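First comes the structure, then the notes that go with it.
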Amino acid sequence: MTRRLTGNPVVPGAAEGVALVAAEPLSFWGGLNTATGEIVDRRHELSGRIVTGRVFVLPRGKGSSTASACLLESIRAGTAPAAIITSRIDPVLALGAIVADELYGRSVPIVVLPEEAFRSIQDGDRLTVEPDGAVTVDSPDGA
């Protein structure tokens with residue numbers, strides 16, 4: 001089943017990939033190995049999973065402003081998510097994506113979805129993010 005969600009593009013851009021969905025926030029500083037794209041926070045539900053090339057769906061980031069530098073470095077290294085979807089604006093993550101665009105000409109789109117739409121995305125859904133904040137969801141199970 002395909003459905004279209006309407007979001008707010010905090011950092012506009014186009015991307016697509018398979019959803020990697022987290023129920024809890026993640027600090028990119030200390031929680032993400034920027035060289036490999038692996039979630040290394042051993043207390044996080046997605047510990048050991050790889051964000052590279054995925055559409056990372058998480059409620060919000062957490063922690064220090066250094067998370068901006070970590071996202072920036074993962075974008076530079078080519079290990080960043082294809083896009084990030086959150087349920088509220090995260091200025092720290094937005095800053096990392098914006099600076100990456102300025103420094104490297106590469107960025108990661110960041111979209112904020114309303115809570116109900118955010119919660120409707122399941123791990124493994126195929127997502128297409130548009131520059132206007134629209135997110136197309138293709139659910140493999142037809143749900």
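Restricting the range 35-62 to residues that are of a type in the set (A, V, I, L, M) and touching a residue at least 40 places away in the same chain (Cβ under 8 Å) leaves a set whose member that is surrounded by the fewest Cβ atoms within 10 Å (Cβ to Cβ) is A35. Checking each residue of the range 63-83 against the condition of being assigned to a strand (DSSP E or B), modelled with pLDDT of 95 or more and surrounded by fewer than 22 Cβ atoms within 10 Å (Cβ to Cβ) gives no match. The residues listed here are G13, G17, G7; of these, the one that is closer than 23 Å to T128 by Cα, at pLDDT 95 or above and in contact with a Lys or Arg (Cβ under 8 Å, 6 or more places away or on another chain) is G17. Condition check: closer than 22 Å to P140 by Cβ and among the charged types (D, E, K, R). Does R42 satisfy that? Answer is no for this residue.
A quick yes/no check of all residues on (1) touching a Cys at 6+ places or on another chain (Cβ under 6 Å); (2) within 16 Å of T79 (Cα to Cα):
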position	(1), (2)
L20	no, yes
A23	no, no
W29	yes, yes
G37	no, yes
V51	no, yes
L58	no, no
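Across the range 87-143, the number of residues qualifying as exposed (fewer than 14 other Cβ atoms within 10 Å of the Cβ) and at positive phi comes to 3.
The values are calculated or read from the model by the stated rules, or taken from the named source; none is laboratory data. The shown structure was predicted, so the numbers you read here are calculated from the model rather than taken from an experiment. As a convention, Cβ positions derive from the backbone with ideal geometry for all residues, glycine included, and neighbour counts pool all protein chains shown.
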